[in-house]
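Engineer: First the structure, which I've put down as structure tokens, then a few questions once you've had a look.
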Amino acid sequence: QVQLVESGGGLMQAGGSLRLSCVFSGRTFSAYRMGWFRQAPGKEREFVSTISFSGSMTDYADSVKGRFTASRDNTKNTVYLQMNSLKPEDTAVYYCAATNRIGVRRDREEYDYWGQGTQVTVSP
């Protein structure tokens, strides 16, 4: 079955950059739209970004637009989230998710498969 494994999280000073990776296995990667979500302590899991099957279309939450960039390499079954100009409010556990539904998907209920998450901590 589909499995997702995130990596790349860590501790970074405000203004720095991190790149998260998510490796997909078990099915045909190009048939799945991928999403990134995050969850801070005491808050609900929120939408960060989504990327289409081919990677040609992306969408972002207003809070990260202009700073984060999603991409995918279908030859490596991997989706990425490049995070630049990090802010302390970006601190959260970041999750990779997959869905075979078409169209822009911004709700966690629309995703069928989830990784275990990777911690991102941004210090002042």
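Engineer: Need the failing condition index for residue 14 against (1) over 15 Å from the mean Cα position of the chain (by Cα); (2) open to solvent by 50 Å² or more (accessible area, probe 1.4 Å), just the number.
Structural biologist: Of the numbered conditions (1) over 15 Å from the mean Cα position of the chain (by Cα); (2) open to solvent by 50 Å² or more (accessible area, probe 1.4 Å), the odd one out for residue 14 is (2).
Engineer: Right, here's the next one. Looking at region 110-124, I want the residues that are more than 21 Å from residue 50 (Cβ to Cβ) and assigned to a strand (DSSP E or B) and have a partner that is open to solvent by 70 Å² or more (accessible area, probe 1.4 Å) and not hydroxyl-bearing (Ser, Thr, Tyr) with Cβ atoms under 7 Å, at least 6 apart or on another chain. Which pairs are those?
Structural biologist: Taking only residues 6 or more apart or on different chains, the pairs are 121/11; 122/87; 123/11; 123/13.
Engineer: What tally of residues in region 40-70 results from selecting those that are open to solvent by 60 Å² or more (accessible area, probe 1.4 Å), within 15 Å of residue 117 (Cα to Cα) and assigned to a strand (DSSP E or B)?
Structural biologist: Here the count works out to 1.
Engineer: For region 17-30, how many residues are open to solvent by less than 50 Å² (accessible area, probe 1.4 Å) and at pLDDT below 95?
Structural biologist: 1
Engineer: Same structure again: Looking at (1) acidic (Asp, Glu); (2) open to solvent by less than 10 Å² (accessible area, probe 1.4 Å); (3) closer than 11 Å to residue 53 by Cα, find the lone condition where residue 90 falls short.
Structural biologist: For residue 90, the exception is condition (3).
The values are calculated or read from the model by the stated rules, or taken from the named source; none is laboratory data. Note that the coordinates shown come from a computational prediction; the quantities given were computed from them, not determined experimentally. Positions of Cβ are backbone-derived with ideal geometry, glycine not excepted, and every protein chain shown enters the neighbour counts. For accessibility, only protein heavy atoms count, side chains too; no ligands or nucleic acids. Shrake-Rupley method; radii C 1.70, N 1.55, O 1.52, S 1.80 Å.
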